[in-house]
Amino acid sequence: MAEAFDFIVIGAGAAGVSVAGELSLKGRVALVERESAPAYHSTSRSAAVLAENYGPVGWQRLSTASRPFFENPPAGFAEHPLLRPLGALFLATEAEAPALEESARELARRGVPHRLLPAREAGALSPTVRREPFALALHEPGCADIDAAALVQGYVRLVRRNGASVVLDAEVRSIERRGGTWRVEAGKAMLAAPILVNAAGAWADDIAALAGLPRRGVTPYRRTAITFDPPEGADTRSWPMTFDMAETWYFKPEAGRIMVSPVDKTPSPPCDCRPEDYDVAVAVDRIEQATTMQVRRIHSCWAGLRTFAPDEQPVIGPDPADPGFVWLAGQGGNGVMAAPAAARLAAALATGAGVPAALARLGVGVAATSPGRLPPQPSER
Ligand SMILES: Cc1cc2nc3c(=O)[nH]c(=O)nc-3n(C[C@H](O)[C@H](O)[C@H](O)COP(=O)(O)OP(=O)(O)OC[C@H]3O[C@@H](n4cnc5c(N)ncnc54)[C@H](O)[C@@H]3O)c2cc1C
């Protein structure tokens, strides 16, 4: 006998816990996760930064729309502030300068504080970065570190407080549509609901296929990160996260160390991915070329999957092949920073409420996020 819910959410990363939080205000939710704890995959491997100039514009808008939640979460959501000031600096060559100027105009449209400055002044903010070959810089002072663990725990607490079931150690192995009801076998549980939310991260296309619906070409890519000790005596606390526009490296201060990514984007099957030696070596080489820092010892390294639609924009909303199947996928590198607003959008579309006004004002619309814009892919991976 299946237990009946209003909504079943598959996946307990940033996407799943946040949409379960939103939906638990509207009905009975089952949040289902394969692992024994939430956020084991991409969400715990993120740089966990809110940078509103980062990523495809559809995700940037959802990141901006998420800031009020991070700054002012519901009462009792977290014991400490979810954000810690960081700042971000984006560096462009002469050839990339027009694109950076366009980024500045997009930030201005959304009311995001920022400043364009000559690259020769960037050293005052990010002291180790080499001036060559850059011409222009953009400073985003409001960029912040997110306490991703507190975000996830806050949503899980909210979900439980609202009477939802959080079902862990429960891999979804079969999904059947009978009449207007989804029947989902998840570990030892049998669950039923009229609406299924696909928040399965790197596995989102597999979940669609399991439900007998088209894959939408939502593809995981591996990204690597390392940490190492900063130069002796350096006080890194005021350093901003620093990016090159060509997306070949970024670095930021992280708990007394420096975190670097070589900004790799290697296609991968969905998996519990590990860093490759080659990508770690590239990270070291790029940071030593781009800055005056030397990597004497790698303190830690890891890799995670970032999952993109073919056009890299959000995949949020009902599938036209079955409106009871709602996608919340393709977060790429924005899935933590955009989680609160993306969840609000997914929950609104799942319940037929349309795009929330605060999101529509920022330019978020159904056509640009609907999975229906993505041509169905062959059913076998
Ligand atoms: C190195 C790196 C740096 C990043 N930096 C940032 C950053 O600074 N800011 C930012 O916003 N984002 C960043 N990201 C991206 C961010 O981590 C992702 O966008 C986000 O975590 C995606 O969340 P998710 O919930 O969709 O996926 P996940 O966290 O992977 O969650 C999906 C869940 O679904 C579960 N699942 C899948 N299939 C099944 C099944 N059949 N049955 C049951 N459960 C299932 C999985 O077990 C998993 O727990 C970064 C990513 C990486 C790798």
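With the structure loaded, tell me whether A65 is in contact with a Cys (Cβ under 7 Å, 6 or more places away or on another chain) and either open to solvent by less than 10 Å² (accessible area, probe 1.4 Å) or more than 24 Å from R130 (Cα to Cα) (or both) or whether it fails that test. Against the criterion (in contact with a Cys (Cβ under 7 Å, 6 or more places away or on another chain) and either open to solvent by less than 10 Å² (accessible area, probe 1.4 Å) or more than 24 Å from R130 (Cα to Cα) (or both)), A65 does not qualify.
Report yes if some residue within the stretch 330-353 is at negative phi and in a strand (DSSP E or B); otherwise report no. No, there is no match, as no residue in the stretch 330-353 is at negative phi and in a strand (DSSP E or B). Within the set of pairs 6+ apart or on separate chains, which have a first residue in the stretch 299-321 that is without any contact (Cβ under 8 Å) to a residue 60 or more places away in the chain and within 12 Å of G372 (Cα to Cα), a second that is away from the ligand (no atom under 15 Å from the Cβ) and β-branched (V, I, T), and C-beta atoms under 8 Å apart? Pairs found: G317/V366. Could you look through the stretch 280-317, keep only residues that are closer than 14 Å to A204 by Cβ and in a strand (DSSP E or B), and pick out the one that is farthest from the ligand (Cβ to nearest atom)? Restricting to residues being closer than 14 Å to A204 by Cβ and in a strand (DSSP E or B), the top hit is G317. Within the stretch 256-272, not a single residue is basic (K, R), modelled with pLDDT of 95 or more, in a helix (DSSP H, G or I) and assigned by TED's automatic domain parsing to the domain that holds R131.
In the stretch 158-188, the qualifying residues are those that are touching a helix residue (DSSP H, G or I) at 6+ places or on another chain (Cβ under 9 Å) and surrounded by fewer than 16 Cβ atoms within 10 Å (Cβ to Cβ), and the one that is nearest to L91 (Cα to Cα) is R173.
On inspection, A353 fails the criterion of being among the small types (G, A, S) and under 21 Å from A202 (Cβ atoms). I'd like to verify a number: residues in the stretch 228-287 that are in contact with a Gly (Cβ under 6 Å, 6 or more places away or on another chain) and surrounded by fewer than 19 Cβ atoms within 10 Å (Cβ to Cβ), how many? Final tally of qualifying residues: 0.
Only one of L349, L345 is surrounded by 21 or more Cβ atoms within 10 Å (Cβ to Cβ), away from the ligand (no atom under 16 Å from the Cβ), touching a residue at least 12 places away in the same chain (Cβ under 8 Å) and among the aliphatic types (A, V, I, L, M); which?
Numbers: L345 fails: away from the ligand (no atom under 16 Å from the Cβ).
Step by step, each of L349, L345 is checked, and only L349 is surrounded by 21 or more Cβ atoms within 10 Å (Cβ to Cβ), away from the ligand (no atom under 16 Å from the Cβ), touching a residue at least 12 places away in the same chain (Cβ under 8 Å) and among the aliphatic types (A, V, I, L, M).
If you go through the stretch 161-191 and keep only what is basic (K, R), more than 9 Å from the ligand (Cβ to nearest atom) and more than 24 Å from A342 (Cβ to Cβ), you end up with R177, R178, R183, K188.
In the stretch 76-86, the condition of being more than 15 Å from A341 (Cα to Cα), over 19 Å from the mean Cα position of the chain (by Cα) and open to solvent by less than 40 Å² (accessible area, probe 1.4 Å) is met by at least one residue. Residues that are over 20 Å from A164 (Cα atoms), in contact with a Leu (Cβ under 7 Å, 6 or more places away or on another chain), more than 10 Å from the ligand (Cβ to nearest atom) and not in a helix (DSSP H, G or I) within the stretch 19-67 comprise E52, N53, listed in sequence order.
Of the numbered criteria (1) small (G, A, S); (2) exposed (fewer than 14 other Cβ atoms within 10 Å of the Cβ); (3) in contact with a Pro (Cβ under 8 Å, 6 or more places away or on another chain), the one G111 fails is (3). With respect to the stated conditions, I195 fails to be outside the structural domain of V315 (by TED's automatic domain parsing), farther than 23 Å from G332 by Cα and in contact with a Phe, Trp or Tyr (Cβ under 6 Å, 6 or more places away or on another chain).
Say whether the condition of being part of a helix (DSSP H, G or I) and either among the basic types (K, R) or modelled with pLDDT of 95 or more (or both) is met by at least one residue in the stretch 131-144. Looking for residues that are part of a helix (DSSP H, G or I) and either among the basic types (K, R) or modelled with pLDDT of 95 or more (or both), one finds none in the stretch 131-144, hence no. Checking each residue in the stretch 275-327 for being under 22 Å from the mean Cα position of the chain (by Cα) and small (G, A, S) picks out A283, S300, A303, G304, A309, G317. For first residues located in the stretch 122-135 and outside the structural domain of I287 (by TED's automatic domain parsing), partners that are polar (S, T, N, Q) and not in a helix (DSSP H, G or I) and lie 6+ apart or on another chain with Cβ distances below 7 Å do not occur.
Within the stretch 192-221, the set of residues being assigned to a strand (DSSP E or B) and either more than 11 Å from the ligand (Cβ to nearest atom) or crowded, with 21+ Cβ neighbours inside 10 Å (or both) comprises A192, A193, I195, L196, V197, N198, R215, T219, P220.
The values are calculated or read from the model by the stated rules, or taken from the named source; none is laboratory data. This is a predicted model, so every value here is computed, not measured. Cβ coordinates were reconstructed from backbone atoms using ideal geometry, including for glycine residues, and neighbour counts include every protein chain displayed. For the accessible areas, the whole protein counts, side chains as well, though only heavy atoms, and no ligand, DNA or RNA atoms are used. Shrake-Rupley method; radii C 1.70, N 1.55, O 1.52, S 1.80 Å.
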